[in-house]
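Notes follow once the structure below has been shown.
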Amino acid sequence: MPVISNETKGSIRLKYSEGLGPDGKEKFRYNNYSGLKPTISDALVYQFKKLLEEVQTDAVTEVNRQRIFELAEA
């Protein structure tokens, strides 16, 4: 059975280092940015991450892009 996939939306998840906690383990926080258009390139997503790093004090340790697809029978 053939299936058609259509990317409908996406999001970006950034992971920030907040330093060490009282237990000596590194602490992290996450920010999600949703509503990403399917036509936006990975290069623009990475550029967005770099712009955010310039205006924030916490270091971005990881950037992830999630893509949502709608599946239908062909």
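The values are calculated or read from the model by the stated rules, or taken from the named source; none is laboratory data. This structure is a prediction, so every number in the text was calculated from the model and none was measured. When we count neighbours, we look across all protein chains shown, and the Cβ atoms used for this are built from the backbone with ideal geometry, even at glycine.
Listed by first and then second residue, the pairs linking a residue in the range 18-45 that is closer than 17 Å to residue 57 by Cα to a residue that is part of a loop (DSSP other than H, G, I, E, B), with Cβ atoms under 9 Å apart and 6 or more places separating them unless they lie on different chains, are 18/58; 19/58; 27/21; 29/58.
Considering only residues in the range 42-64 that are within 14 Å of residue 18 (Cβ to Cβ) and out of contact with any helix residue (DSSP H, G or I) (no Cβ under 8 Å at 6 or more places or on another chain), the one that is surrounded by the most Cβ atoms within 10 Å (Cβ to Cβ) turns out to be 58.
In the range 1-50, how many residues are under 30 Å from residue 73 (Cα atoms) and not in a strand (DSSP E or B)? Residues meeting the conditions: 8. In the range 51-72, the count of residues that are modelled with pLDDT of 90 or more and in a loop (DSSP other than H, G, I, E, B) is zero.
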